[in-house]
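The values are calculated or read from the model by the stated rules, or taken from the named source; none is laboratory data. Everything quoted here is computed from the prediction, not taken from an experiment. Cβ placement follows ideal geometry from the backbone for every residue including glycine, while neighbour counts extend to all protein chains displayed. Accessible surface is based on the protein model in full, side chains and every heavy atom, while ligands, DNA and RNA are left aside. Shrake-Rupley method; radii C 1.70, N 1.55, O 1.52, S 1.80 Å.
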Amino acid sequence: MLDAKVAQLLNIQVNKEFYSAYLYLDFSNYYAEEGLNGFANWYKIQAQEERDHALLFMQYLQNNGCKVTLDAIDKPDKELKSFADPLHAGFEHEQLVTGLIHTIYDAANQVKDFRTMQFLDWFVKEQGEEETNAEGLIKKFDLFGSDPRALYMLDNELGARVYSAPSLVL
Ligand code: FEO
């Protein structure tokens with residue numbers, strides 16, 4: 001069995017990851033309504049990855065004999081008024097999630113729960129990649145977003161993203 005505080009934080013993270021999926025679906029819907037189907041595709045795939053993260057946290061808890069409690073998922077409440085808004089909100093959200101993962105890591109470290117720390121190592125790396133990707137999108141949009149032809153090409157580029165299952169298997 002895991003330490004009670006660590007297990008609680010891991011269970012909360014299940015909800016946070018499902019919320020991330022919900023948030024990114026909201027972004028995807030926004031872009032779809034605006035006719036930017038490539039951006040919509042990018043965030044829909046991002047949502048699938050977040051769902052995978054939630055399932056990984058669930059599986060890890062179950063593998064360690066812990067009960068999983070599913071709580072209500074908050075409504076996405078970011079105001080999306082311009083094409084750049086989801087990109088900035090997404091980057092801020094990933095920074096927040098990185099902080100949450102680090103908090104769990106810290107709690108596991110305090111009770112010498114090396115197994116959970118090893119499990120979380122994948123997420124620490126993943127968060128680094130996700131922050132880089134989110135920041136990269138902002139940079140690209142800042143460079144090209146105001147030119148319709150360049151925006152069209154960027155939308156095509158993001159439309160080419162395909163889903164792949166997480167490399168972490170439990
Ligand atoms: Fe599940 Fe984007 O972190």
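A few points about this structure:
Table: residues versus (1) closer than 24 Å to Pro148 by Cα; (2) over 13 Å from the mean Cα position of the chain (by Cα); (3) among the charged types (D, E, K, R); (4) surrounded by fewer than 16 Cβ atoms within 10 Å (Cβ to Cβ).
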residue	(1), (2), (3), (4)
Gln46	no, no, no, no
Gln62	no, yes, no, yes
Cys66	no, yes, no, no
Leu80	yes, yes, no, no
Leu120	no, yes, no, no
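- Residue list for segment 133-147, filter: part of a loop (DSSP other than H, G, I, E, B) and closer than 18 Å to Arg161 by Cβ: Gly145
- Condition check for Leu168: open to solvent by less than 70 Å² (accessible area, probe 1.4 Å), of a type outside the set (S, T, N, Q) and either within 16 Å of the ligand (Cβ to nearest atom) or within 21 Å of Met58 (Cβ to Cβ) (or both): yes
- Looking only at residues in segment 91-113 that are within 10 Å of the ligand (Cβ to nearest atom) and in contact (Cβ under 8 Å) with a residue 40 or more places away in the chain, the one that is surrounded by the fewest Cβ atoms within 10 Å (Cβ to Cβ) is Leu100.
- Per this entry, Leu23 is counted among residues that are touching a residue at least 40 places away in the same chain (Cβ under 8 Å), in a helix (DSSP H, G or I) and closer than 16 Å to Glu94 by Cβ.
- Residues in segment 7-42 that are of a type in the set (Ser, Thr, Tyr) and either open to solvent by 10 Å² or more (accessible area, probe 1.4 Å) or under 26 Å from Asn109 (Cα atoms) (or both): Tyr19, Ser20, Tyr22, Tyr30.
- Within segment 125-154, the set of residues being small (Gly, Ala, Ser), away from the ligand (no atom under 16 Å from the Cβ) and either open to solvent by 80 Å² or more (accessible area, probe 1.4 Å) or closer than 13 Å to Gln95 by Cβ (or both) comprises just one member, Ser146.
- Test for Pro86: is it part of a loop (DSSP other than H, G, I, E, B) and open to solvent by less than 50 Å² (accessible area, probe 1.4 Å): no
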